[in-house]
């Protein structure tokens, strides 16, 4: 028994010596070769989803796209029954026509009242001179002066009526603009490029601004959600270029850029396939990529490599990143 225990102790000590030697050799190699120059991350493709809804309420008359279809920004997706909105717009247009006629009449009344007052003023001034010469009676001069006061009051009334008519016209024009906006809103357009994921409503259903009609996936740009170990936080920055590869396209590399680094640490999610220990602190990162051919799909596993010897991007370069301009190597955005 004592011999057996001694043998076990010798084996344990030998194992510790071997492990210590392996660790020392690893540290020696790491010190000699320096820190790694490439960071490899494992994650999944993620995208934004939006729910498209009408700005007006009525029954859906037509729908023009099916689930799975790719749509472009500005493409017509569906329309409501527009009869009520057409009637409102027609009535608003008629109100504007009448209001403009009222303004024209008020302006004509002002022109007439102005001419009447000018004539009364000339007569009153003439009779005042003649009264001083004694060639016109006091009663006539007072009558002419009274006519001038009436003409002046009538002009003021006409000016007031014009102001009211112009205010009414502005109100009618605003009502017409609103009615035309409502009529335009019976059409639902795609606000961005994307893929129709779900038709929530169908023709004949009652639609309203609070009830979505479609769920759309915004596929460009998208990102790979991955997690960076805490030890690499001092070596990765927003704006750094990255390469993305997937099992679905083993011979294709998608170019991207680091677009977001979480300010908060967390423990590695269990869903992340990474060679690191799952208990280590990590930071979420989003590596964006342009996806003009819709090849990267939601949830697709992806591998991201980031060269750590890149220069730190300037703030203006980070701000200019996007999918508006792509090179020929797979969609990497250029700075503007």
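A few notes on this one:
- Residue 139 in a helix (DSSP H, G or I) and either at positive phi or at pLDDT below 95 (or both): yes
- Selection of segment 233-250 for residues being under 27 Å from residue 194 (Cβ atoms) and without any contact (Cβ under 8 Å) to a residue 12 or more places away in the chain yields only 250.
- Among the residues of segment 172-184, those that are touching a residue at least 24 places away in the same chain (Cβ under 8 Å) and either within 22 Å of the chain's Cα centre (by Cα) or exposed (fewer than 15 other Cβ atoms within 10 Å of the Cβ) (or both) comprise 178, 182.
The rows are residues; the columns are (1) assigned to a loop (DSSP other than H, G, I, E, B); (2) exposed (fewer than 14 other Cβ atoms within 10 Å of the Cβ); (3) modelled with pLDDT of 65 or more.
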{"residue": "248", "(1), (2), (3)": "yes, yes, yes"}
{"residue": "261", "(1), (2), (3)": "no, no, yes"}
{"residue": "288", "(1), (2), (3)": "no, no, yes"}
{"residue": "298", "(1), (2), (3)": "yes, no, yes"}
{"residue": "302", "(1), (2), (3)": "no, no, yes"}
{"residue": "316", "(1), (2), (3)": "no, yes, no"}
{"residue": "328", "(1), (2), (3)": "yes, yes, no"}
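- Condition check for residue 104: under 30 Å from residue 152 (Cβ atoms) and either assigned to a helix (DSSP H, G or I) or touching a helix residue (DSSP H, G or I) at 6+ places or on another chain (Cβ under 7 Å) (or both): yes
- Among the residues of segment 32-70, the ones that are farther than 16 Å from residue 206 by Cα, at pLDDT 95 or above and buried (at least 17 other Cβ atoms within 10 Å of the Cβ) come to 1 in all.
- Filtered residues of segment 185-232 (kept if in contact (Cβ under 8 Å) with a residue 24 or more places away in the chain and in a helix (DSSP H, G or I)): 230, 232
The values are calculated or read from the model by the stated rules, or taken from the named source; none is laboratory data. Everything quoted here is computed from the prediction, not taken from an experiment. For neighbour counting, all protein chains shown are included, and Cβ atoms are generated from backbone atoms with ideal geometry for every residue, glycine included.
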